[in-house]
Amino acid sequence: MYNKNFKRIISISSAAMMMLSALSVAPASELATLYAADEMTAFEITANMKIGWNLGNTLDATASKPDPSDPKKSIVLDHSDTSTETCWGNPKASKELFTAIKEKGFNTIRIPTTWFQHLQEDGTIDPAWMARVHEVVDYAIDQDMYVILNLHHENWVNRADLGTAYDDMHAKLINLWTQINASFGDYDQHLIFEGMNEPRAAGTDHEWWGPKDDEVETINKLNADFINLIRSSDSPYAKTRLLMIPGYCASADISMTSLIDVPKDDSFVAVSIHAYTPYDFTMNPAIADHSTFTPDWSQNLADTLDNLRSVFLNKDIPVVIGEFGTSNYHNTEARVKWATQYLTTAKKYGIPCVLWDNNVENEDPTEENPDRKPTGEAHGYINRETFEWLEESGPVVNTMIKIIKDRSIEWGSERKLAVIDHQPLSEGKLFLEGPVEIDASKSKTYENTTPGKDITWEELEGKEVAVKYTGLIPSLCFSDAEYGNWTEMKPYTFDEENSIAYYLVGKGLPAAWKKDTSLIAHMQTRTDKVTTIESITILDAPDVDVEVPVDHTKKESVDLSGYTADDSIVINIKGEPNTNTNGCIGYNGDGWEQVEWTGKTDANGKLTVKIPMSKLPAGLKSAEAQLWLNAEFLDFESIEKGTAAEPTTVEPTTAEPTQPTTGGQPGVAATKYGDANEDDKITVADAVAILQYIANQTKYPLSDVGFANADCDGEVGITGGDAIAVQKADAGIVTLPLTK
């Protein structure tokens with residue numbers, strides 16, 4: 001068991017150093033050897049960290065004063081001025097505050113710290129500032145807590161020339177961490193170093209999204225410098241101190257986490273992640289209603305944490321979410337629901353989460369500021385002077401602590417993805433032997449699918465289907481004898497090395513066919529781009545308990561025999577409130593054709609969609625209504641005939657859905673998801689158009705149709721997630737729109 005009393009070998013204060021030098025004791029290196037049996041692994045450290053709290057806007061606060069020679073300019077305070085700790089309006093950190101945090105159930109304190117304004121002319125850290133940082137760190141260490149110490153708000157890290165400034169940044173990073181490590185190097189594994197906070201190209205049009213290659217390279221090189229410096233030092237914990245390294249702006253998005261270089265030969269390096277996820281719920285002031293933690297937002301959170309598991313944890317790379325939280329929009333109930341999902345999943349995956357607290361209770365208008373508007377920065381949880389937990393945000397904290405203490409939720413129990421032992425293809429039943437090329441552009445001649453070969457449920461029960469392919473990952477499709485009740489499945493796992501997709505049909509099909517599997521008559525694959533099917537093989541299903549991607553699409557036949565050209569099809573939908581969805585009215589014309597729509601249920605869970613008959617071929621006698629996005633949370637309430645249809649495609653029963661960004665016209669249907677620039681192709685150019693729009697909507701506007709096309713990642717509004725979805729679609733990885 002770890003000896004919690006051996007907190008650190010040497011107190012770093014000058015007085016303590018002199019006292020220690022006067023004693024006859026073993027060198028620090030020998031003491032470290034003595035306690036080697038108490039060494040923790042990285043995953044033992046993260047398990048012990050459990051849940052943490054940020055001392056935000058305190059030691060990381062930056063201060064300046066007017067330049068006497070030019071009042072329009074400012075200069076930073078003198079390096080020896082420790083009053084920067086309170087310059088953003090927060091009281092000084094105190095032992096009593098940390099005691100209250102510890103007693104609540106937190107086991108980790110992150111101490112964001114800014115150093116650049118406390119450097120003397122020769123580049124050394126001012127002793128008064130170093131002593132104050134030690135004092136605050138010891139508040140936590142002395143209570144058997146873990147501490148994350150970092151570089152925060154450094155003006156030389158967040159810079160527009162990030163991609164070309166490596167040499168300058170390297171020198172400054174080495175200077176600071178050499179001094180910090182020398183000063184804190186004898187603290188044991190309870191002290192964790194975080195190399196940088198949110199390195200990014202500040203002031204550019206891509207500050208928070210879409211880093212350039214040279215910017216990613218700079219961050220990776222600086223991370224490597226940081227690791228090498230600590231590992232090569234003479235600290236007794238040089239090899240075993242947990243080090244946290246961020247990617248671009250410490251983003252949790254897989255498009256940026258996948259670019260982080262983590263050394264394969266160092267098991268004490270954790271990835272540093274900031275995940276205010278989903279941003280539209282937790283912070284975005286452009287969202288009018290934060291009162292409901294919707295299924296959309298729940299899925300976004302699940303996807304984010306799943307990606308962290310897939311990219312890092314499943315490869316034995318620790319993850320620490322150094323910042324997370326939700327701004328107070330007077331939506332305590334919704335925040336509690338968010339916290340329940342967040343902490344439950346993070347605990348199962350083995351991810352310690354550190355709550356951001358900037359001591360801002362709310363952003364309501366005040367007498368001094370009657371026009372005050374929310375910025376999404378109300379992240380206060382405890383009164384730092386009375387040490388009482390705040391009325392609205394306290395229940396959110398209580399929920400988090402309750403989950404951490406709940407013994408029925410095992411820490412790290414789901415850290416690794418299931419290892420599945422598939423039956424070899426050679427031992428299965430060959431269903432189709434290729435190669436067969438299928439091409440989405442040839443759907444009119446049905447060459448976008450493999451031939452519809454006969455199959456029965458008896459042949460599929462207890463089985464999985466393996467599809468060997470090249471190109472875009474295909475969908476596995478099933479239909480009845482007349483090719484009706486078309487059902488598609490996505491693979492539940494892949495063999496990336498051999499390009500084999502596996503579909504657990506024995507588990508997934510009964511739900512999709514409402515348990516009437518006797519009607520299944522054909523099986524084939526379909527593509528949304530170009531795919532070559534090498535083979536389709538039926539295998540015995542492995543004995544694993546996994547979630548199977550299920551097609552939740554709902555379908556209803558529509559009899560149009562009594563409709564005229566002046567009528568409309570009125571689709572009434574019910575289900576979860578404030579839920580985004582889409583669908584179509586489909587029919588057999590020159591092949592399968594469809595008129596698509598998008599919408600959002602109102603606060604009562606209602607949505608009405610009107611499709612003018614003028615959009616359908618004259619004389620059409622029947623069609624099929626389909627409900628796609630979030631169909632598991634919604635259902636058809638009724639489908640009926642309406643008259644004198646308005647020109648809008650979708651008409652919610654209340655106000656139009658609010659978009660996180662403006663520019664699109666509610667009710668305008670997408671013509672081709674992902675085609676933001678409307679050139680009838682899905683390419684990287686569309687991703688660029690989306691990112692430009694996000695950066696400057698006035699300079700880079702999207703048409704109403706372009707906006708509708710661009711909103712393709714399953715989340716309401718245009719965000720960077722849409723740009724990533726487009727790039728994945730262009731690479732043949734996904735099919736648009738995504739249905740989260």
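The values are calculated or read from the model by the stated rules, or taken from the named source; none is laboratory data. Keep in mind that what you see is a predicted model, and the values were worked out from it rather than measured. Positions of Cβ are generated from backbone atoms using ideal geometry, with glycine treated the same way; all protein chains shown enter the neighbour counts.
Taken over segment 504-515, the criterion of being out of contact with any Asp or Glu (no Cβ under 6 Å at 6 or more places or on another chain) and modelled with pLDDT of 85 or more is satisfied by 505 alone. Residues that are without any contact (Cβ under 8 Å) to a residue 24 or more places away in the chain and among the acidic types (Asp, Glu) within segment 492-510 comprise 496, 497, listed in sequence order.
For the condition buried (at least 23 other Cβ atoms within 10 Å of the Cβ) and not in a strand (DSSP E or B), residue 334 does not qualify. Within segment 82-92, being at pLDDT below 95 and surrounded by fewer than 17 Cβ atoms within 10 Å (Cβ to Cβ) holds for 83, 86, 87, 88, 89.
Of the residues making up segment 120-130, at least one is touching a helix residue (DSSP H, G or I) at 6+ places or on another chain (Cβ under 7 Å) and either buried (at least 22 other Cβ atoms within 10 Å of the Cβ) or under 26 Å from residue 51 (Cβ atoms) (or both).
Look at residue 326 and say whether it is of a type in the set (Ser, Thr, Tyr) and within 26 Å of residue 270 (Cα to Cα). So residue 326 fits the description; yes. The lone criterion from (1) modelled with pLDDT of 90 or more; (2) surrounded by 17 or more Cβ atoms within 10 Å (Cβ to Cβ); (3) of a type in the set (Asp, Glu) left unmet by residue 559 is number (2). Among the candidates 433, 461, the residue that is more than 15 Å from residue 529 (Cβ to Cβ), touching a Gly at 6+ places or on another chain (Cβ under 6 Å) and at pLDDT 90 or above is uniquely 461. What tally of residues in segment 591-642 results from selecting those that are part of a strand (DSSP E or B) and touching a Ser or Thr at 6+ places or on another chain (Cβ under 7 Å)? Final tally of qualifying residues: 16.
For beta carbons closer than 9 Å, sequence separation of 6+ or different chains, a first residue in segment 298-314 that is among the acidic types (Asp, Glu) and a second that is assigned to a helix (DSSP H, G or I) and modelled with pLDDT of 95 or more, the qualifying pairs are 306/345; 306/349.
The residue that is farthest from residue 313 (Cα to Cα), counting only those in segment 212-252 that are of a type in the set (Lys, Arg) and touching a strand residue (DSSP E or B) at 6+ places or on another chain (Cβ under 9 Å), is 231. Per the conditions (1) buried (at least 21 other Cβ atoms within 10 Å of the Cβ); (2) part of a loop (DSSP other than H, G, I, E, B), the sole criterion not satisfied by residue 289 is (1).
Of all the criteria given as (1) in contact with a strand residue (DSSP E or B) (Cβ under 6 Å, 6 or more places away or on another chain); (2) modelled with pLDDT under 95; (3) among the hydrophobic types (A, V, I, L, M, F, W, C), the one not satisfied by residue 209 is (1). Only a single item in (1) at pLDDT below 95; (2) in contact with a Leu (Cβ under 9 Å, 6 or more places away or on another chain) is not met by residue 70, and it is number (2).
The condition of being more than 26 Å from residue 704 (Cβ to Cβ), touching a Leu at 6+ places or on another chain (Cβ under 9 Å) and not assigned by TED's automatic domain parsing to the domain that holds residue 441 holds for only one of 622, 561, 638, 557, that being 622. Scanning segment 697-719 for residues that are modelled with pLDDT under 75 and within 13 Å of residue 686 (Cβ to Cβ) yields a single hit, 700. Of all residues in segment 636-692, those that are modelled with pLDDT of 70 or more, of a type in the set (Ser, Thr, Tyr) and surrounded by 19 or more Cβ atoms within 10 Å (Cβ to Cβ) total 1. For segment 339-349, state whether one or more residues are assigned by TED's automatic domain parsing to the domain that holds residue 98, in contact (Cβ under 8 Å) with a residue 12 or more places away in the chain and assigned to a loop (DSSP other than H, G, I, E, B). The answer is no; no qualifying residue exists.
For segment 93-119, give me each residue that is surrounded by 15 or more Cβ atoms within 10 Å (Cβ to Cβ), without any contact (Cβ under 8 Å) to a residue 60 or more places away in the chain and among the charged types (D, E, K, R). 102, the sole residue that qualifies. Scanning segment 349-385 for residues that are buried (at least 20 other Cβ atoms within 10 Å of the Cβ) and β-branched (Val, Ile, Thr) returns 351, 354, 382.
Within segment 395-418, not a single residue is surrounded by 15 or more Cβ atoms within 10 Å (Cβ to Cβ), outside any loop (DSSP other than H, G, I, E, B), small (Gly, Ala, Ser) and modelled with pLDDT of 95 or more.
With 144, 126 as the choices, which residue is under 19 Å from residue 81 (Cβ atoms), assigned by TED's automatic domain parsing to the domain that holds residue 184 and not aliphatic (A, V, I, L, M)? Every option except 126 fails the conditions.
Selection of segment 721-740 for residues being at pLDDT below 75, surrounded by fewer than 22 Cβ atoms within 10 Å (Cβ to Cβ) and not β-branched (Val, Ile, Thr) yields 727, 728, 730, 731, 732, 740. Within the set 197, 228, the sole residue that is more than 30 Å from residue 634 (Cα to Cα), at pLDDT 95 or above and assigned to a helix (DSSP H, G or I) turns out to be 228. Going residue by residue through segment 351-358, is there one that turns out to be among the charged types (D, E, K, R) and not in a helix (DSSP H, G or I)? Yes; the residues of segment 351-358 include at least one that is among the charged types (D, E, K, R) and not in a helix (DSSP H, G or I).
For every residue, the table says whether it meets (1) more than 24 Å from the chain's Cα centre (by Cα); (2) closer than 26 Å to residue 186 by Cβ; (3) surrounded by fewer than 22 Cβ atoms within 10 Å (Cβ to Cβ); (4) small (Gly, Ala, Ser).
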| site | (1), (2), (3), (4) |
| --- | --- |
| 237 | yes, yes, no, no |
| 241 | yes, yes, no, no |
| 245 | no, yes, no, no |
| 262 | no, no, yes, no |
| 275 | no, no, no, yes |
